[in-house]
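The values are calculated or read from the model by the stated rules, or taken from the named source; none is laboratory data. As the structure is a prediction and not an experimental result, all values here were calculated from the model. Cβ: placed from backbone, ideal geometry, glycine included. Neighbour counts: every protein chain shown. Just so you know, the surface numbers come from the protein's heavy atoms only, side chains and all, with ligands and any DNA or RNA stripped out. Shrake-Rupley method; radii C 1.70, N 1.55, O 1.52, S 1.80 Å.
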Amino acid sequence: MKSKKHIERLLTGVDQWNIWYKKRANRRLAMIDLSGVNLAHADLAGAELSHINLSQANLEGSSLDRANLNGAKLTGANLTGASLMHAKLDFTQLDGALLVNSSLRMVDFFQAKLDNANLEGSDASFVIFSQSSLLATNLTDVVLEETVFANVNLGTVMGLDTCIHRGPSTVDFRTLLSSGALPLLF
């Protein structure tokens, strides 16, 4: 259940939120529900948001740099133009999320679910997609440099032929094996 107190606490400041969250986490309570909340242009850099339900949330233009979003649920969230540099996104559900023109530099998507997510125009330099689900993910005009695709299926990913390669990236054997024929431009 959504709580206005949770939203107010988060908006009063990341430091206070993190102290409260760590005390709360020790009690292992149910997932905090912030689904549908409007946090557009919020400064949430460094926020502890692991295992929080942010489905359908509006995080457009927000700063989530260095935020811990491990295990968070961001299904259908709007992260257009958001900055997620160095954010932790392991086991995060981002299916159907809008990450258009976002900064994803140095993010690790270990076992993240990005099915039907739209990353069009985003900077995915130094990103690691490891054992992630990328079913029908849109990577049109995504910037890649030192990006790692490890044990992921790129067979249904859209826009691979439009990716902007600013430097070398890595595609492992398991990815090539499971993806089938990939566009030569990729």
Fill in: Base-10 log of normalised Debye intensity for segment 1-100 (one unit scatterer per alpha-carbon) at q = 0.13 Å⁻¹
-0.37
Item to complete: For LYS113, go through the aspartates and glutamates and keep the ones whose alpha-carbon is under 20 Å away, minus same-chain ones fewer than eight residues off.
Response: ASP33, GLU48, GLU60, ASP65, ASP90, ASP95, ASP123, ASP172
Worksheet item: Tell me, what % of the accessible area of segment 42-111 is carbon and sulfur with a 1.4 angstrom probe?
Response: 47 percent
Discussion item. Taking the alpha-carbon distance from LYS22 and a cut-off under 25 Å, which lysines remain once sequence neighbours fewer than 8 residues away in the same chain are dropped?
Written reply: LYS2, LYS4, LYS5, LYS73, LYS88
Discussion item. Can you compute 3J(HN,Hα) from phi for each residue in segment 94-101, using the Karplus curve 6.51 cos²θ - 1.76 cosθ + 1.60 with θ = phi - 60°, rounded to whole Hz and x for Gly and Pro?
Written reply: 10, 5, x, 6, 9, 10, 4, 6
Worksheet, complete the sentence: Probe 1.4 Å, heavy atoms of protein chains only: per residue, the accessible area of segment 43-179 in Å² is 38 Å²
Worksheet item: Cα-based Rg of the chain per 2.2 N^0.38 Å, rounded to two decimals?
Response: 1.02
Item to complete: Could you work out the relative contact order of the chain, using alpha carbon pairs under 8 angstrom and six or more residues apart, expressed as a whole percent?
Response: 11 percent
Worksheet entry | Test item: Cα-centred dipole of segment 31-179, Lys/Arg +1 and Asp/Glu -1 on Cβ, debye | 200 debye
Practice prompt. Starting from the amide H of ARG66, placed 1.01 Å from N in the peptide plane, find each other amide H under 5 Å away whose residue is 5 or more places distant or on another chain.
Written response: GLY46, MET85, HIS86, ALA87
Discussion item. Can you work out the Karplus-derived ³J(HN,Hα) for every residue in segment 44-60? Use 6.51 cos²θ - 1.76 cosθ + 1.60 with θ = phi - 60°, whole Hz, and x for glycine or proline.
Written reply: 10, 4, x, 6, 8, 10, 5, 6, 9, 8, 10, 4, 6, 6, 9, 10, 4
Fill in: Crossing angle, helix 14-25 versus the chain [Cα axis fit, 0-90 degrees, rounded to tens]
80 degrees
Worksheet, complete the sentence: By the mean-Cβ-within-10 Å protection proxy, highest first, 10-19, 123-132, 151-160 rank as 123-132, 151-160, 10-19
Worksheet item: For segment 108-182, what is one quarter of the convex hull surface built on the Cα atoms, given in nm²?
Response: 4.0 nm²
